[in-house]
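Shown next, in structure tokens, is the structure this report addresses.
The values are calculated or read from the model by the stated rules, or taken from the named source; none is laboratory data. Just so it is clear, the model here is predicted, and its values are computed rather than measured. Backbone-built Cβ (ideal geometry, glycine too); neighbour counts: all protein chains shown.
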Amino acid sequence: MPTPSGATVEPAASPPSPPSRSFTAIARDHIAIARPDYWFKNGFMVIGILLGSFYHPVVLPSLGCVVIAVVAVCLIASSNYVINEYLDASMDRSHPKKRDRPVAAGRISLTAVLLQWLLLATIGLSLAWLINIPYFVTGMLLLMMGLIYNVPPVRTKEIPYLDVLTESVNNPLRLALGWFVVNSQSLPPLTLIVSFWMMGAFFMATKRLAEYRYLNDSVQAAAYRRSFAYYNETRLLVSMFFYATLAALMLGMFIIRYRLELILSTPLVAGLFTWYLALGLKEDSSAQQPEKLYRESGLMLYLFLCVAVFLVLMFVDIPALYRIFNVEPSELPPLWKFSLGH
């Protein structure tokens, strides 16, 4: 494979077949490739549920319905992680940390991977069908995006920029899944969908930048991720600026159209982008592994603050803001609200 320096990088050799192992060790590896520690990403569903409940919900779901919906999306996402683990194995062997993953280390066979993928996808989609048809269709889209991202000959994760955009589209899909739990008769606002997509693209591009800086070798980086044969720090930073700018513009349009009170949260959102960029620029940044971000206590506290402010502003009316910014209130009445002033 050609690299920016003109050298040719051969995929790392497959590891030898592992010796017989205990059932516990095998089960541990299969759980690991399902990546339950990545399920926190499904938290985007909460925002969808909140927004769907706020604006004209068709039906307020029971706790059991919400649990089934969350389990469904977790299993569908895990099916994508499983196929990703197998198809990335040869690349992961060129990464100093990921080479020890179960498939990269040769501890799980292709047959076992395919069976696990099929089982997770089937159960996940079956549960999604129990919610409603829009939820099921969106779950199917989530599964399909995993295949488009991972499976040759398309495999967009090896194509610069498309790797980020096709991976981050899962964020608005999760938002839509939450929305459809409570409102299966309409779509979430397009401005919010695009904003969530671009936010996800910013975070994913930051992950790419952190990985590139950690490897610190263009040949090794290209062996690990083929898009790194094109990427460099400047190109990644420029793309991050584009994603962040478009996300902010779309969020602003959503706020003006649907909920002006949220304009008070925009400094916090800008601070979140800035904090994450600073984190991504650190040496051996934790942005390489978003599932480990819970260890960044300062960032987690700040994120909690952002969510708390968002929740308050969703349910508190501030009529003075509409006069100050000369904006007409939304014609979509929320289900619940509290008013401050007249």
Original post:
Which numbered condition trips up Trp275, out of (1) in contact (Cβ under 8 Å) with a residue 60 or more places away in the chain; (2) surrounded by 12 or more Cβ atoms within 10 Å (Cβ to Cβ); (3) aromatic (Phe, Trp, Tyr)?
Top reply: (1)
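State all residues of segment 96-118 that are surrounded by fewer than 14 Cβ atoms within 10 Å (Cβ to Cβ) and assigned to a helix (DSSP H, G or I); if no residue qualifies, say none.
Asp100, Leu110, Thr111, Leu114, Leu115, Leu118
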Original post:
Which condition number in (1) in a helix (DSSP H, G or I); (2) under 20 Å from the mean Cα position of the chain (by Cα) is the one that Arg213 fails?
Top reply: (2)
Original post:
Among the residues of segment 167-187, is there at least one that is in the same structural domain as Met91 (by TED's automatic domain parsing), touching a Leu at 6+ places or on another chain (Cβ under 8 Å), under 15 Å from Pro290 (Cβ atoms) and in a helix (DSSP H, G or I)?
Top reply: yes
Original post:
Condition test on Tyr258, is it modelled with pLDDT under 95 and within 20 Å of Asp163 (Cβ to Cβ)?
Top reply: no
**OP:** Give me a count of the residues in segment 62-86 that are crowded, with 19+ Cβ neighbours inside 10 Å and either under 20 Å from Leu187 (Cβ atoms) or not polar (S, T, N, Q) (or both).
**Re:** 13
Subject >> For Ile148: the one exception among (1) aliphatic (A, V, I, L, M); (2) in contact (Cβ under 8 Å) with a residue 12 or more places away in the chain; (3) part of a loop (DSSP other than H, G, I, E, B) >> reply: (3)
Subject >> Exclusive hit being in the same structural domain as Leu147 (by TED's automatic domain parsing) and closer than 26 Å to Met300 by Cα, set Ala27, Ala89, Ala77, Ala105 >> reply: Ala77
